[in-house]
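A.B. asks: Structure below; questions to follow.
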Amino acid sequence: MYKNEKPVLSVLQGKEVEATPVWLMRQAGRYLPEYRQLREKADTFIEFCLSPDLASEATLQPLRRYPLDAAIVFADILLVPFALGQDVRFVEQEGPVLKPFEKLSSLKWDEGRVAPVLETICKVLPSLTDQTAFIGFAGSPWTVACYMIEGCSQTGFASACQMAVKEEPLLDDLMALLEQATVAYLSAQIKAGVDVIQLFDSHAGLLTGKAFSRYVTDPTKRIVLALKQAFPNVPIIGFPRGATPQDYMAYQQATGVDAVGLDQQVDPSWAARELQPHGALQGNLDPALLLEGGAAMLKQAAYLLRQFGPRHIFNLGHGVVKETPPEHVTQLVHFVKDWRP
Ligand code: 1CP
């Protein structure tokens, strides 16, 4: 046993762990009353993300309540378009609104615009125990491109999908720009002190087959390669949410990620059989079960723990929904921490 190592890192490095580590996507955020109170201290969500005092506190809030094995820096995937110079706002009840960009050449990566995120990382570090992994993240180019092209999420990203099917040069150019920006941003996060990276490809499932490999797998592979060359010891979790089983397999085999994040549509017994022999897995409790809590949630949690065994980081299949009672999270996290094979 590697007692003095962070369990999340051990799983990602293929080492034995005593118990399955756990963290939750969107473990910080609006389901926590202390987050809602903190959120009032900034006028806009972007300002909140770019205030190291507030963002570091938001990062730590869930760790004060629950014995989680990882912290994830409080930020948002849409800070990348913001740092490229696009106008990004978050509208209450509606979600993100991005102003269409005139031409691609007007976008340029300006790391100074996300420097406060790096400061947040530095501020959080001294408060983490030596067992807690610190996760930095970015959206994958396809998912970020969806928002940049569409401007909001209400349209189901129809024009981005159309551009992908037609392989339009504008999309390819935007993707290339995002790939470079993502590598620069994640490298800066690693230098600031995170020890794991997660790539959120939340809208990967809008594409399949050839378009999936061109806009999801291939860019991820190039980002992983660039990061691994510079930081060989920093593991990467890839989350191609909504991918078909075939696309999940292709993604795992081709990208070089250390772990694949599973959404709740993926059948755990299939994933344990087909994916787990090739790498660690993360996921995939349905956030609706966490919302529900109680016996149904614990039954499925036990099933996942049995199915996946030790090469697994317990998580949800997507983020904690904002109506979730915080006590359900207490129940789940303690259940996972106390579980033994
Ligand atoms: O006022 C608020 O509190 C706004 C809600 C909120 C929060 C708490 C948004 C707006 N973003 C965040 C933080 C956030 N976003 C984190 C850090 C918190 C944590 O995980 O503990 C992370 C990792 C993200 C990542 C993110 N943002 C994703 C990828 C994961 C996913 O949920 O699929 C995506 C798609 C976004 C875009 C986004 N940010 C916020 C909204 C409302 C949306 C749009 C979602 C949509 O398109 O429906």
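A.B. asks: Can you name the residue in segment 215-256 that is away from the ligand (no atom under 16 Å from the Cβ) and outside any helix (DSSP H, G or I) and is also most open to solvent (accessible area, probe 1.4 Å) among such residues?
C.D. replies: Ranking the qualifying residues of segment 215-256, first place goes to Asn233.
A.B. asks: Going residue by residue through segment 141-161, is there one that turns out to be among the small types (Gly, Ala, Ser), in contact with a strand residue (DSSP E or B) (Cβ under 7 Å, 6 or more places away or on another chain), at positive phi and open to solvent by less than 30 Å² (accessible area, probe 1.4 Å)?
C.D. replies: Looking through segment 141-161, at least one residue is among the small types (Gly, Ala, Ser), in contact with a strand residue (DSSP E or B) (Cβ under 7 Å, 6 or more places away or on another chain), at positive phi and open to solvent by less than 30 Å² (accessible area, probe 1.4 Å).
A.B. asks: Identify, from the list Gly293, Gly279, the residue that is under 11 Å from Leu332 (Cα atoms) and not aliphatic (A, V, I, L, M). It would help to see each step written out before you state the result.
C.D. replies: On the way: Gly279 fails: under 11 Å from Leu332 (Cα atoms).
Residue meeting the stated conditions: Gly293.
A.B. asks: Shifting gears a bit: I'd like to check something: does segment 87-103 contain any residue that is under 17 Å from Pro141 (Cα atoms), of a type in the set (Asp, Glu) and under 22 Å from the mean Cα position of the chain (by Cα)?
C.D. replies: no
A.B. asks: Within segment 125-159, can you find the residues that are away from the ligand (no atom under 12 Å from the Cβ), assigned to a loop (DSSP other than H, G, I, E, B) and not acidic (Asp, Glu)?
C.D. replies: Leu128, Thr129, Gln131, Thr132, listed by residue number.
A.B. asks: Here's a follow-up. Mind counting the residues in segment 257-268 that are without any contact (Cβ under 8 Å) to a residue 60 or more places away in the chain and open to solvent by less than 40 Å² (accessible area, probe 1.4 Å)?
C.D. replies: 6
A.B. asks: If Thr244 satisfies all but one of (1) closer than 22 Å to Lys15 by Cβ; (2) in contact with a Ser or Thr (Cβ under 9 Å, 6 or more places away or on another chain), what's the number of the condition it fails?
C.D. replies: The failed condition is (1).
A.B. asks: Would you be able to tell me the number of residues in segment 3-27 that are of a type in the set (Gly, Ala, Ser) and under 18 Å from Val336 (Cβ atoms)? Steps first, answer last, please.
C.D. replies: If we filter segment 3-27 for residues that are of a type in the set (Gly, Ala, Ser), which is where we start, we get 10, 14, 19.
When the remaining residues are screened for being under 18 Å from Val336 (Cβ atoms), the result is 10, 19.
Residues in segment 3-27 being of a type in the set (Gly, Ala, Ser) and under 18 Å from Val336 (Cβ atoms): 2 in total.
A.B. asks: Let me ask another. Scan segment 300-319 residue by residue and report those that are out of contact with any Asp or Glu (no Cβ under 9 Å at 6 or more places or on another chain), open to solvent by less than 60 Å² (accessible area, probe 1.4 Å) and part of a loop (DSSP other than H, G, I, E, B).
C.D. replies: Gly309, Gly319
A.B. asks: Of everything in segment 89-104, what is more than 9 Å from the ligand (Cβ to nearest atom), touching a Leu at 6+ places or on another chain (Cβ under 9 Å) and not aliphatic (A, V, I, L, M)? Give them in sequence order.
C.D. replies: Result: Arg89, Phe101.
A.B. asks: Can you pull out every residue in segment 320-335 that is outside any helix (DSSP H, G or I) and either charged (D, E, K, R) or open to solvent by 10 Å² or more (accessible area, probe 1.4 Å) (or both)?
C.D. replies: Val320, Val321, Lys322, Glu323, Pro325
A.B. asks: More than 18 Å from the chain's Cα centre (by Cα) and at pLDDT 95 or above, is that true of Gly205? Show your work before the answer.
C.D. replies: Values: more than 18 Å from the chain's Cα centre (by Cα): no; at pLDDT 95 or above: yes.
No; evaluated as a whole, the condition is false for this residue.
A.B. asks: Tell me, yes or no, whether segment 168-182 has at least one residue that is on the phi > 0 side of the Ramachandran plot and not in a helix (DSSP H, G or I).
C.D. replies: Checking segment 168-182: not a single residue is on the phi > 0 side of the Ramachandran plot and not in a helix (DSSP H, G or I).
A.B. asks: Taking segment 57-88, which residues are farther than 15 Å from Leu32 by Cα and away from the ligand (no atom under 11 Å from the Cβ)?
C.D. replies: Pro67, Asp69, Phe82, Ala83, Leu84, Gly85, Gln86, Asp87
A.B. asks: Every residue in segment 194-214 that is farther than 19 Å from Asp258 by Cβ, in contact (Cβ under 8 Å) with a residue 12 or more places away in the chain and open to solvent by 10 Å² or more (accessible area, probe 1.4 Å), please.
C.D. replies: Ser202, His203, Gly205, Leu206, Thr208, Gly209, Ala211, Ser213, Arg214, listed by residue number.
The values are calculated or read from the model by the stated rules, or taken from the named source; none is laboratory data. Keep in mind that what you see is a predicted model, and the values were worked out from it rather than measured. Quick reminder, even Gly has a Cβ in these numbers, built from the backbone with ideal geometry, and neighbours come from all protein chains shown. Side chains are part of the model used for accessible areas, which takes the heavy atoms of the whole protein and leaves out ligands, DNA and RNA. Shrake-Rupley method; radii C 1.70, N 1.55, O 1.52, S 1.80 Å.
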